[in-house]
Amino acid sequence: MNRLIFSGNICKNPVFRKTPLGSHITDLLLANNQYEEDTKISSYIPPICWNDVAELAGSYHVSDWIYVRGQIQSREYDKENSNGEVQTITVNEFSISTIIRHNPQKKKTE
């Protein structure tokens, strides 16, 4: 089974964009803290969201605490370098299928 469940805080502004073929993508950077004795150990995970989940994640903010579920996916693509040579690149990514924000930002009143 290929399933990851993870929670953490967004520590960088989500980056929402559209691919040339029209898919929606949002890149996140999540921080998860563990404690070993009296030492805090932070892990930074860069998951990616697609389509409807990407639109939702794109509306989130730095410091929002979120719960995500997804899977590790591998994909390959060809990239031309500055010398004109084509290289095949293999990417492993954490692709989110479900995302829940636990602390929505409150609107500021003036």
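The values are calculated or read from the model by the stated rules, or taken from the named source; none is laboratory data. Predicted model only: the values in this text are computed from it and were never measured. When we count neighbours, we look across all protein chains shown, and the Cβ atoms used for this are built from the backbone with ideal geometry, even at glycine. Only protein heavy atoms, including side chains, enter the accessible area calculation; ligands, DNA and RNA are left aside. Shrake-Rupley method; radii C 1.70, N 1.55, O 1.52, S 1.80 Å.
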| Can you pull the semi-axes for the chain, root of five times each eigenvalue of the Cα gyration tensor, sorted largest first, whole Å? | 28, 20, 14
| said: Give me the dipole magnitude in Debye, nearest 20, for segment 1-63 about the Cα centre, with unit charges on the beta carbon: positive for Lys and Arg, negative for Asp and Glu. | reply: 280
| field | Solvent-accessible area, 1.4 Å probe, carbon plus sulfur percent, for the chain | value | 48
| the chain, accessible area per residue, ligands and nucleic acids excluded (1.4 Å, Å²) | 73
| Under a plain spin-label model, where a point goes 7 Å from the Cα along Cα-to-Cβ, how far apart in nm are Val15 and Ile41? | 2.8
| message | Given points 7 Å out from each Cα along the Cα-Cβ axis, report the Ala31 to Thr88 separation in nanometres with one decimal. | response | 3.9
| request: Under a cut-off of 17 Å between alpha-carbon atoms, report the aspartates and glutamates in cross-link reach of Lys18, not counting same-chain residues fewer than 8 places apart. | output: Asp27, Asp52, Glu55
